[in-house]
Amino acid sequence: MDNQMAARWRWHALLLLIATLLVVGCSQEGYATVTTHTSTAEDNTGTRQVDDAGNRLPFDTQFERRWNPGNDGSPYEPCTALGDYQLGKLRIDPDSVADAAGTSGQTLRGCKWRYVRSDPHDRWNLSQFVGDSPGLATSKERRSGGINQWLPDEVISGRQVGVHIYTTGDQCDTYVQSGQASVITMVTHFGRPQPPISEICDRALAFTRATIDKMPL
């Protein structure tokens, strides 16, 4: 079981890397980005620890280039969007929060969490991250074919939301445009039995609904 779980974690990490590379591809085609940083409070190493509104990150980042030209198209910060109470209402463990990026300067900027577990063999993870992107249509063009499948768009708070799944059936993510960036909300399930993909998408959509009004247009 440990080997199986480790393999699933490696698969999830690979999917996050693929998503990051796709966003990078969009942001390197000459589309303008908007630098919106207004608050740069730093720790004693000179590393920024707050979002644009001055809200403290829920962890100490070691990445000096966590904010960078690959993700500055929107001031939205997933890590500070919801408080512990709001996360708890969504059955997300606030103490499980971690930086979604793995290196300094990575396009992907956001956080990942675990859902509260009722079964030790049933595990749910959620991540939300920002990366510069020209729009949903371009994302659909790039993420098509193979294991990629797009479901009908949703409308939340009057905004178009793309819904994407992998045919492996264990992951669903949503796409919201914010300024010159995408906000991706991704939910992945580990374990057996595998729930229907609609249940996985329901969780991604629920987190999207809870945060979309905080994402600038």
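The local environment of residue 74, defined by Cβ-Cβ distances under 10 Å, has a net charge of -3 under the rule Lys, Arg +1 and Asp, Glu -1. Please work out whether region 75-143 counts as rounded, prolate or oblate from its C-alpha gyration tensor, where a ≥ b ≥ c are the square roots of the eigenvalues and a/c under 1.5 means rounded, while otherwise a/b larger than b/c means prolate and anything else oblate? It is prolate, given that a/c is not under 1.5 and a/b is the larger ratio.
Over region 59-160, accessible surface divided per residue gives 47 Å², non-protein components excluded, 1.4 Å probe. Between rounded, prolate and oblate, where does region 33-192 land on the alpha carbon gyration tensor, with a ≥ b ≥ c its root eigenvalues, rounded for a/c under 1.5, else prolate if a/b exceeds b/c? Cα axes put region 33-192 in the oblate bin.
Rolled with a 1.4 Å probe across the full set of protein chains, the surface gives residue 118 an accessible area near 120 Å². The mean sequence distance of close C-alpha pairs (under 8 Å, at least 6 residues apart), as a share of the length of region 164-203, puts its relative contact order at 39 percent. Calculated FRET efficiency, residue 117 to residue 86, Cβ-Cβ distance, R0 = 22 Å: about 0.70 to the nearest 0.05.
Counting only residues at least eight positions apart within a chain, or on another chain, the aspartates and glutamates with an alpha carbon under 18 Å from that of residue 89 are 199, 202, 213. Atom-type composition of the exposed protein surface of region 155-211 places 54 percent of the accessible area on carbon and sulfur (1.4 angstrom probe).
Decide, for region 156-217, between rounded, prolate and oblate: order the square roots of the alpha carbon gyration tensor eigenvalues as a ≥ b ≥ c, take rounded if a/c falls under 1.5, and otherwise choose prolate if a/b is larger than b/c, else oblate. Note, shape of region 156-217 comes out prolate.
What does the extension gain come out to for residue 213 and residue 56, with contour length at 0.36 nm per residue minus their alpha carbon separation?
Numbers: separation 157, 0.36 × 157 = 56.52 nm, distance 1.98 nm.
Stretched out fully, the residue 213 to residue 56 stretch lengthens by 54.5 nm.
The values are calculated or read from the model by the stated rules, or taken from the named source; none is laboratory data. Keep in mind that what you see is a predicted model, and the values were worked out from it rather than measured. When we count neighbours, we look across all protein chains shown, and the Cβ atoms used for this are built from the backbone with ideal geometry, even at glycine. Protein only, heavy atoms only, side chains kept; ligands, DNA and RNA dropped before computing areas. Shrake-Rupley method; radii C 1.70, N 1.55, O 1.52, S 1.80 Å.
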